[in-house]
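What follows is one structure encoded as structure tokens, with my remarks underneath.
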2 protein chains.
Amino acid sequence: MRDIFAHRIHNIDTSEIRKVFDLAAKIKNPLNLSIGQPDFPVPAAVKEAMIQALKDDKSGYTPTAGLVQLREAIAEFLAAKSGVRPAVDDVIVSTGVASILFLLFQTVVGKNDAVLLIDPYFLIYPALVKYHEARPYTIPEDFGVDQIAELRAQLRKDNVNLKLIMFASPSNPTGKILTRHQLELLSELAEEQDAIIASDEIYGAFDYEKKHISMASINAERTLTLNGFSKSHAMTGLRVGYLAAPPRYSGIVQKMVTLQQYTMVCSPHAMQWGAITALRTGIDNELALMKKRRDMVYGMLSKVTTLPFPDGAFYVYPDIPIDSAEFVTQAIERRLLLVPGYIFSTNRNAIRISYATREDILEEGAQIFCDMVAELKDTLH
Amino acid sequence: MRDIFAHRIHNIDTSEIRKVFDLAAKIKNPLNLSIGQPDFPVPAAVKEAMIQALKDDKSGYTPTAGLVQLREAIAEFLAAKSGVRPAVDDVIVSTGVASILFLLFQTVVGKNDAVLLIDPYFLIYPALVKYHEARPYTIPEDFGVDQIAELRAQLRKDNVNLKLIMFASPSNPTGKILTRHQLELLSELAEEQDAIIASDEIYGAFDYEKKHISMASINAERTLTLNGFSKSHAMTGLRVGYLAAPPRYSGIVQKMVTLQQYTMVCSPHAMQWGAITALRTGIDNELALMKKRRDMVYGMLSKVTTLPFPDGAFYVYPDIPIDSAEFVTQAIERRLLLVPGYIFSTNRNAIRISYATREDILEEGAQIFCDMVAELKDTLH
């Protein structure tokens, strides 16, 4: 039989998070701290808006770019957040931020283009870089002037300019919120390299003491802002995400809309009405709960290992004494499901723990994690 | 400023149907016969299932390939339809058949691969062929042994084998249902060329006297069956479509699922529950209505021009005396919205009329069409 595959498809592998999901399905009563979705339900008002939309037969095609009313509400939201209001036609709504990312990469990232990621990175970013046969560059998430200088030297040596600077703040997997100074460094870098900035703000609603800063408030002219409703309003499975662009990049949005005509077609209609309501629906109670959990798990973990301070999102990313693939296997024997750090970083000795989980499960799981680390340290010493 | 685009994105243009949509938005009281979606609402039971799913918090991620319960119900449906039951793991659910097509092309269609289309074709097919830098071949929809022989000679001359045979029966835009003999010819061709068959059966529910035959009932081993709920259950904007594969092509489904992890992630969760109910929900009343409309519009049009007999779907595709781009422009001056035939065919002198429209509008629009054709014939003679 001839090869049934196109060459490009060999550039992609199954997500390691999905492998943990599949494993989870086989374990009885797992302590599942691997899941990247809130455990709270869709807020009642948002749910009601979607139900009403279905009753009102909001089930036909929407405009490819998304409902005008939703794009207006998004522009309003972003204006309040960053001080800069995008044009409604510079906003595209798609079936989640993952779809937005794919449309964006298809539109702007060519073979051998240089893409900067911040390590640890969300696992989809390097997968998309590889799929598009682009060249990844990384800087650590605690970067400062020195790391940017090193990167600059490397780019000069490779005789390449960055095409795209791609990051999430707050970070998945560490919860790190980039400082204003760091965002300014990225902004300068983008100017100097003539690079597009893609700021994934999907966890922007989950900040606690330290407040999330939208990249568009630092460099409006070069920043594409990506966001959605999966995390803030527990709509992971309902598929509404968006991208907003400055006038300089209107053409990117237009091409993404064109490609969407042939791919996702539109984000689910009734869900888009839910998203409009979501933009008016705060999640203060949910945030207070998340902060309480974060404090608990950070308190427990910081006694036995080191970890970046989890400013936001709903993850912690502690160091572990052994390779994360092996650690995850050992944890599964104790019913504990975690995501191995190596899929988010070149550093293999870390683990992602999600605290978007019921407290009793979280506490039991965190305790097992702490015991495992303590035991491993004993063994290794 | 440097080029912000990746090379590949220049291979795609705005859908001409969408251009008509945009135009339609600017006309007062248009007679809109351009729309490819049913005018009936989502059946009550299906709507209720989606509402219940939202109430039950079916809003998180589903498995990437789709809910197991939905894939089981799809396997059951296909078994009843074609006599061959696909394995549940050989079914993938995505955000509509357009998404399925894109995942499929990304997975199997490489540069310069030969893809056979049946002319007239659904406009997304040649767009995807071009986007993937593949080579399109076509045969007319009334093909027989002779046209297959000609194609075979051409392929031999070009020293290429077909990688993919892609078609929709019933057809969008003509309504044509391929005969058993034609499907057998395609089956033989696929065997001889070692080609994958992709049978788009999205209009399979819309057949009237002549019954739709699933390609999988003719050649189960080589047929990928594509279908969804957009047309049969008026769920165009709710985004649930699927593909089922024979064991030979399990690997294609696996790769499509992998790519979906990084792109659409999953079809909207609550809508998947609606789809399960849709598979148990007949549309006899809607079909009777569609047939009545088809008879009316066919009766009117066949008096003034020629057109393929519209076996199924909800379109007619009459010949017109002038170029379809010009005809559409003239029709708009009379408030009539149509889709130009040139986007579906190398023959530019035809028009697509959708009869999924309220009868009074349909009748008025069809009358204007008939008048235009008569006037043009007078002028040209």
Please tell me if A:Phe122 is more than 8 Å from chain B (Cβ to nearest Cβ) and touching a strand residue (DSSP E or B) at 6+ places or on another chain (Cβ under 6 Å). yes
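Only one of B:Val84, B:Val88, B:Val97 is β-branched (Val, Ile, Thr) and under 30 Å from B:Ser354 (Cβ atoms). Can you tell me which?
B:Val97
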When you look at A:Pro268, is it surrounded by fewer than 24 Cβ atoms within 10 Å (Cβ to Cβ) and in the same structural domain as A:Gly96 (by TED's automatic domain parsing), yes or no? no
Scan the range B:126-142 residue by residue and report those that are in contact with a Leu (Cβ under 7 Å, 6 or more places away or on another chain) and not in a strand (DSSP E or B). B:Pro126, B:Leu128
Given the conditions (1) crowded, with 19+ Cβ neighbours inside 10 Å; (2) in the same structural domain as B:Val240 (by TED's automatic domain parsing); (3) at pLDDT below 95, every one holds for B:Ser34 apart from (2)
Does A:Val304 count as touching a residue at least 24 places away in the same chain (Cβ under 8 Å) and not in a loop (DSSP other than H, G, I, E, B)? no
Residue within the range A:185-199 that is in contact with an Asp or Glu (Cβ under 8 Å, 6 or more places away or on another chain), modelled with pLDDT of 95 or more and polar (S, T, N, Q) present: no
Any hit, the range A:336-356, residues being touching a Leu at 6+ places or on another chain (Cβ under 9 Å), over 17 Å from A:Asn29 (Cα atoms) and either free of Cβ contacts under 8 Å to residues at least 60 places away in the same chain or surrounded by fewer than 16 Cβ atoms within 10 Å (Cβ to Cβ) (or both): yes
Quick one: count up the residues across the range A:80-130 that are of a type in the set (Lys, Arg) and over 19 Å from the mean Cα position of the chain (by Cα). 2
Determine whether the range A:88-95 contains at least one residue that is part of a loop (DSSP other than H, G, I, E, B), in contact with a Gly (Cβ under 8 Å, 6 or more places away or on another chain) and farther than 21 Å from A:Thr258 by Cβ. no
Checking the condition over 16 Å from A:Glu364 (Cα atoms) and free of Cβ contacts under 8 Å to residues at least 40 places away in the same chain, which residue from A:Thr329, A:Thr263 passes? A:Thr329
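Okay, residues lined up against (1) of a type in the set (Lys, Arg); (2) over 22 Å from B:Pro340 (Cβ atoms); (3) touching an Asp or Glu at 6+ places or on another chain (Cβ under 8 Å):
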residue	(1), (2), (3)
B:His10	no, yes, no
B:Ala24	no, no, no
B:Asn32	no, no, no
B:Ile35	no, no, no
B:Phe40	no, yes, yes
B:Ala45	no, yes, no
B:Ala49	no, yes, no
B:Tyr61	no, yes, no
B:Thr64	no, yes, no
For the range B:92-107, indicate whether the set of residues that are out of contact with any Leu (no Cβ under 7 Å at 6 or more places or on another chain), within 14 Å of chain A (Cβ to nearest Cβ) and surrounded by fewer than 19 Cβ atoms within 10 Å (Cβ to Cβ) is non-empty. no
Collect the residues in the range B:331-381 that are of a type in the set (Phe, Trp, Tyr) and in a helix (DSSP H, G or I), keeping them in residue-number order. B:Tyr342, B:Phe369
Hey, any hits in the range B:173-190 for a residue that's touching a Gly at 6+ places or on another chain (Cβ under 6 Å) and under 28 Å from B:Leu307 (Cβ atoms)? yes
Please state which one of B:Lys19, B:Lys58 is farther than 24 Å from B:Ser94 by Cα and either in contact with a Gly (Cβ under 8 Å, 6 or more places away or on another chain) or without any contact (Cβ under 8 Å) to a residue 12 or more places away in the chain (or both). B:Lys19
Which residues, counting only those in the range A:274-293, are assigned to a helix (DSSP H, G or I) and either surrounded by fewer than 24 Cβ atoms within 10 Å (Cβ to Cβ) or at pLDDT below 95 (or both)? A:Ile276, A:Thr277, A:Asp284, A:Asn285, A:Glu286, A:Leu287, A:Ala288, A:Leu289, A:Met290, A:Lys291, A:Lys292, A:Arg293
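Please report, ordered by residue number, the strands (runs of 3 or more DSSP E) entirely within the range B:150-245 with at least 3 residues that are crowded, with 24+ Cβ neighbours inside 10 Å and either within 14 Å of chain A (Cβ to nearest Cβ) or in contact with a Phe, Trp or Tyr (Cβ under 8 Å, 6 or more places away or on another chain) (or both).
Qualifying strands (runs of 3 or more DSSP E): B:162-168, B:196-200, B:223-228.
The values are calculated or read from the model by the stated rules, or taken from the named source; none is laboratory data. Predicted, not measured: the structure shown is a model, and the values here were computed from it. So basically every Cβ, Gly included, is an ideal-geometry build from the backbone, and we count neighbours across all protein chains shown.
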